[in-house]
1. Among the listed residues Ala558, Ala584, Ala577, Ala571, identify the single one that is within 25 Å of Ala530 (Cα to Cα) and among the small types (Gly, Ala, Ser).
2. Hey, Thr590 hits all of (1) touching a helix residue (DSSP H, G or I) at 6+ places or on another chain (Cβ under 7 Å); (2) among the hydroxyl-bearing types (Ser, Thr, Tyr); (3) at pLDDT 95 or above but one; which does it fall short on?
3. If I ask for residues that are part of a strand (DSSP E or B) and under 14 Å from Asn141 (Cβ atoms), which ones from the range 67-107 would you list?
4. Here's a check for you: in the range 131-164, which residue that is of a type in the set (S, T, N, Q) and not in a loop (DSSP other than H, G, I, E, B) is surrounded by the fewest Cβ atoms within 10 Å (Cβ to Cβ)?
5. Go through Glu61, Glu108, Glu77, Glu92 for me and flag whichever is out of contact with any Gly (no Cβ under 6 Å at 6 or more places or on another chain) and either assigned by TED's automatic domain parsing to the domain that holds Asp458 or at pLDDT below 95 (or both).
6. Are there any pairs with C-beta distances below 8 angstrom linking a residue in the range 166-178 that is within 15 Å of Leu227 (Cα to Cα) and modelled with pLDDT of 80 or more to a residue that is among the β-branched types (Val, Ile, Thr) and part of a loop (DSSP other than H, G, I, E, B), with the two at least 6 apart or on different chains, and if so which?
7. So Leu452 ticks every box in (1) aliphatic (A, V, I, L, M); (2) over 14 Å from the mean Cα position of the chain (by Cα); (3) crowded, with 21+ Cβ neighbours inside 10 Å; (4) under 20 Å from Val578 (Cα atoms) but one. Which box is left unticked?
8. Check Val576, Val547, Val520 and return the single one that is of a type in the set (Val, Ile, Thr) and within 30 Å of Asp483 (Cα to Cα).
Amino acid sequence: MRLFLVFLPLLTFASAITTHAATPEDLAGQVVAKVAGASYVLPLLDSRVSVNIEGDMATVEVTQRFVNEARVPVEAEYLFPLNQTAAVYGMEMRVGDEIIQAVIREKEKAEAEFDRAARDGKAAALLTQHRPNMFTQRIANLMPGLPIEVTLRYVQMVPKLDGQHELVIPLIVGPRYESKALELVEQDEDAPKPENTWTVSEVPAYPQVAGLDLPGTFTAERVSLDLTMVGGVSVSDFGSETHPLAIEVTGDGLTARFADGKVLDNRDLVLRYTLGGDGIEAASLSHTDARGGFVSLMVEPPAIPDEATVTPRELVFVLDTSGSMAGLPMNASKRFMDAALKSLRPNDYFRIIPFANYTQRFSHLSMRATARNIRNGRAYVQSLTAGGGTEIDGAIQTAFATSQPLDTLRIVVFLSDGYIGNEAQVLRTIRQRIGQARIYAFGIGNSVNRYLLDAMADEGRGYARYVGVDEEASEVAETLAADLKSPILTDISIDWGGLEVRDLTPSRLPDLFAGNSLRVYARHNGTGEAEVTLKGLVQGRQAEMPVKLTLTGTQGEAALPLIWARNRIAALTRQVAVGEQPDAANKEITKLGLEFSLQTQNTSFVAVSKQVVNTSGQSATLAKVPLPMVSGVQKTAYPTGFAGSSSPEPQAILGFALIAAMTLLGFRRRLA
């Protein structure tokens with residue numbers, strides 16, 4: 001019997017796809033191999049998330065199981081998210097009975113080691129970071145009938161938001177809008193509109209090769225959860241509004257799993273809980289090892305009601321009306337706006353700035369929050385429709401383009417899913433224009449770009465909150481909008497006394513809001529006890545609070561150096577994004593990644609098996625692991641023919657097309 005291998009070149013890829021009956025409709029980025037007229041999704045993926053929470057620290061293991069059901073070797077490539085604050089410190093690969101501990105390398109060296117292993121027929125795994133919350137896992141020589149498991153390990157602190165601790169475990173990467181213009185100025189409604197289109201920043205690329213006579217299967221529910229929580233303080237209100245959980249209370253804590261065993265990875269997992277014990281305004285952690293001393297200081301604001309802050313506000317609402325916000329997200333956003341406008345104080349001012357392909361305005365200047373103006377503003381918001389791209393940079397320029405009313409605090413409120421690819425340009429614009437304004441970011445959706453929205457809030461010394469798109473989304477949006485808090489503790493600084501510290505993160509301390517907390521990390525040279533003083537303004541008046549630190553040795557919190565290094569790397573990554581001494585920052589990122597064995601944009605984990613698994617003489621063919629569409633996001637936000645995949649660099653599409661064409665020509669020559 002003669003074997004025919006069918007190649008699907010990129011230029012006709014979307015139209016050539018035939019979806020297998022077993023493939024659910026909400027599966028995006030389908031990669032289908034065709035054999036003798038039959039088609040099937042290749043390869044399969046199974047994920048297991050193991051979480052251990054101790055107080056406000058979480059250690060997480062993510063195990064990805066790759067299976068090749070074709071009859072030829074493949075190279076699997078899988079795009080997936082992690083929490084943007086995760087310190088990824090370890091990777092392990094299991095091939096049959098062989099367990100390989102990955103090593104950290106400079107990115108280019110790791111890629112070369114991976115490519116060499118692939119050519120030698122060895123199994124190999126390579127982890128690449130594209131953004132702080134977006135990664136690609138590549139598996140070389142995934143052989144038929146020989147599953148490969150890759151386990152990632154990371155640690156992170158769990159932030160306190162509105163009185164509860166919130167742990168977010170991202171499960172899916174949403175689409176990204178790529179602007180053709182690096183900078184976009186505001187346009188009039190009658191001006192020509194940019195011809196930008198929705199893309200996925202991860203574009204399907206290479207042609208596929210498949211085995212023969214193998215039916216396709218796909219398990220939609222492919223992610224499981226195994227969570228354990230222990231600690232010396234009581235825990236209450238543990239649960240998730242994004243996923244039903246089966247929770248069991250144990251002698252020293254609790255355990256949890258998904259109620260249905262496994263879930264489809266089409267929305268982020270959000271866990272919330274309340275820690276018992278007396279309220280504290282400051283606490284510290286420390287650790288010392290061969291690398292030096294590390295200290296973390298947690299600060300909470302004093303219990304002062306928000307109403308006590310009487311400074312008039314100028315609220316600038318920047319509202320995303322792009323295509324990805326259509327449907328449920330737009331409905332929740334409108335309800336948020338309605339509640340926010342109704343909650344304005346008589347001495348407040350406001351503006352409304354919708355944006356999609358171009359920026360609109362409800363009014364050119366801020367308007368007083370009179371009953372009539374609020375009524376007109378609410379009607380204007382209800383008339384808005386969603387469609388087009390996400391030119392957020394132009395909206396930011398507009399938000400800061402006017403003079404604010406005298407003696408007011410400018411608060412810029414962003415409502416968006418953050419589905420853009422040019423985060424760096426957005427952050428640069430904010431840093432250049434922010435002045436003394438504050439930024440509140442509200443993410444609307446089930447898997448929003450938290451990296452961008454958190455970073456915007458950090459730049460604006462404000463806060464970020466998120467509204468999942470489900471049957472209660474509008475109620476949550478309304479509750480958040482009615483409570484647009486003013487900061488309680490502002491202009492925060494720390495007097496470290498006689499303690500010598502360096503490399504503080506964050507370098508610019510944000511404001512503190514009721515129910516939140518702030519952690520400051522630093523390296524130090526010192527032992528024993530030290531006293532530091534927290535300083536800030538409460539209702540415009542200077543306030544101070546002394547805090548005693550006990551600097552422990554190696555018996556301290558062992559994960560603290562990793563968390564400090566990850567926060568330092570995040571600060572340097574932001575520095576690169578906004579163009580502040582990028583060369584020096586990149587060098588330090590690489591140094592920290594190697595010293596602390598951390599995944600960064602400049603360092604990668606690579607694992608290579610000792611044994612040769614591919615003895616067939618066939619080169620492995622690239623197969624992209626299929627991704628679901630984000631729940632609640634309409635298909636119009638995705639490109640026609642596919643809605644997601646695992647290739648991380650959008651600018652590479654032309655190169656991929658050329659490779660596809662060259663591969664096809666080369667294959668034909670070999671057949672000749």
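The values are calculated or read from the model by the stated rules, or taken from the named source; none is laboratory data. Treat the numbers as computed from the prediction; the structure is a model and nothing was measured. Glycine gets a Cβ as well: all are built from the backbone with ideal geometry, and neighbour counts include every protein chain shown.
1. Details: Ala584 fails: within 25 Å of Ala530 (Cα to Cα); Ala577 fails: within 25 Å of Ala530 (Cα to Cα); Ala571 fails: within 25 Å of Ala530 (Cα to Cα).
Just a single option satisfies the conditions, and that option is Ala558.
2. Here Thr590 clears every test but (1).
3. Going through the range 67-107, the residues part of a strand (DSSP E or B) turn out to be 67, 74-81, 87-95, 98-101, 103-106.
Listed by number, the residues that qualify are Val67, Val74, Glu75, Ala76, Glu77, Met93, Val95, Glu98, Ile100.
4. If we filter the range 131-164 for residues that are of a type in the set (S, T, N, Q), which is where we start, we get 133, 136-137, 141, 151, 156, 164.
Add one more test, that the residue is not in a loop (DSSP other than H, G, I, E, B), and what stays is 136-137, 141, 151, 156, 164.
Working: Thr136: 19, Gln137: 23, Asn141: 29, Thr151: 19, Gln156: 25, Gln164: 17.
Residue satisfying both the conditions and the ranking: Gln164.
5. Numbers: Glu61 fails: either assigned by TED's automatic domain parsing to the domain that holds Asp458 or at pLDDT below 95 (or both); Glu108 fails: either assigned by TED's automatic domain parsing to the domain that holds Asp458 or at pLDDT below 95 (or both); Glu92 fails: either assigned by TED's automatic domain parsing to the domain that holds Asp458 or at pLDDT below 95 (or both).
Testing whether each residue is out of contact with any Gly (no Cβ under 6 Å at 6 or more places or on another chain) and either assigned by TED's automatic domain parsing to the domain that holds Asp458 or at pLDDT below 95 (or both) leaves just Glu77.
6. Matching pairs, first to second residue: Glu166/Val158; Leu167/Val158.
7. Of the numbered conditions (1) aliphatic (A, V, I, L, M); (2) over 14 Å from the mean Cα position of the chain (by Cα); (3) crowded, with 21+ Cβ neighbours inside 10 Å; (4) under 20 Å from Val578 (Cα atoms), the odd one out for Leu452 is (2).
8. Details: Val576 fails: within 30 Å of Asp483 (Cα to Cα); Val547 fails: within 30 Å of Asp483 (Cα to Cα).
From the options Val576, Val547, Val520, the qualifying one is Val520.
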